[in-house]
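Structure first, commentary second.
The values are calculated or read from the model by the stated rules, or taken from the named source; none is laboratory data. Nothing here was measured: the structure is a model prediction, and the numbers come from that model. Counting neighbours? That spans all protein chains shown, and the Cβs are built from the backbone with ideal geometry, glycine included. These accessible areas exclude ligands, DNA and RNA; they are computed on the full protein's heavy atoms, side chains included. Shrake-Rupley method; radii C 1.70, N 1.55, O 1.52, S 1.80 Å.
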Amino acid sequence: MALVYIAVGSVTGTASAVAQALAARLTEAGHQSVMDGQPSVEALNASQADAVLICTSTTGRGDLPANIAQFYVELEEQFPLQNGRPFGVISLGDSSYDRTFCNAGALFEERFLELQAAQPVPRVTIDATETVTPDDDALFWLNEWIEKAL
Ligand SMILES: Cc1cc2nc3c(=O)[nH]c(=O)nc-3n(C[C@H](O)[C@H](O)[C@H](O)COP(=O)(O)O)c2cc1C
């Protein structure tokens, strides 16, 4: 049994709904999760999680949703080394924003790699123009992540 900290970045609720589906699947698989809609380094550290998931949309022109932006800044400022802790990124976006498609997820991926976290499965991108079932796409990815990360 592992504990997973799920940091959520969402503007209109799609990524939050996906994160809820991820949490439910983790429970089904016998794990625990903490889903955080106002993620912070302090909460991540306090959780003592075995692994981290970032589930975020992209807004503006490649920007982070407001509720997760501070977390990104804190990761840069506090630089909490992850020492091989597994992480994964579920990145929601819209490919009609071709230059900034899923940029928020890409930024978090870069940051966690800098922090020496382990990435057992590459980041998944979920394109709003291609799917009407973002939960299913995320859960498909999660199954592999659970096998390799937990
Ligand atoms: C104002 C606005 C700006 C957006 N900008 C981007 C963007 O730069 N890149 C991208 O991949 N998706 C962009 N999107 C698409 C969203 O990321 C996508 O619709 C996502 O599913 C929304 O998830 P949320 O409801 O959790 O915020 C934008 C959407 C809106 C409404």
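Descriptive notes on the structure:
- Test: Pro80 is closer than 18 Å to Thr12 by Cα, open to solvent by less than 50 Å² (accessible area, probe 1.4 Å) and part of a loop (DSSP other than H, G, I, E, B): no
- Single residue of Ala43, Ala49, Ala24, Ala7 found to be of a type in the set (A, V, I, L, M) and surrounded by fewer than 15 Cβ atoms within 10 Å (Cβ to Cβ): Ala24
- Among residues of the range 52-68 being aliphatic (A, V, I, L, M) and within 13 Å of the ligand (Cβ to nearest atom), the one that is surrounded by the most Cβ atoms within 10 Å (Cβ to Cβ) is Ile54.
- Answer residue from the range 10-21, given it is surrounded by fewer than 24 Cβ atoms within 10 Å (Cβ to Cβ) and not β-branched (Val, Ile, Thr) and is nearest to the ligand (Cβ to nearest atom) among those: Ser10
- Top-ranked residue of the range 85-102 - restricted to ones that are surrounded by fewer than 20 Cβ atoms within 10 Å (Cβ to Cβ) and in contact (Cβ under 8 Å) with a residue 24 or more places away in the chain, ranked as farthest from the ligand (Cβ to nearest atom): Arg85
- Answer from Thr129, Thr125 - the residue that is over 16 Å from Gly9 (Cα atoms) and within 11 Å of the ligand (Cβ to nearest atom): Thr129
- Failed condition for Ala149, given (1) within 24 Å of Val41 (Cα to Cα); (2) within 16 Å of the ligand (Cβ to nearest atom); (3) in contact (Cβ under 8 Å) with a residue 40 or more places away in the chain: (2)
- Being in contact with a strand residue (DSSP E or B) (Cβ under 8 Å, 6 or more places away or on another chain) and outside any helix (DSSP H, G or I) is not true of Gly105.
- Counted residues, the range 112-143 - those being in a helix (DSSP H, G or I), in contact (Cβ under 8 Å) with a residue 60 or more places away in the chain and touching a strand residue (DSSP E or B) at 6+ places or on another chain (Cβ under 9 Å): 4
- Enumeration of residues in the range 97-129 that are in contact with a Ser or Thr (Cβ under 7 Å, 6 or more places away or on another chain) and of a type in the set (D, E, K, R): Arg123, Asp127
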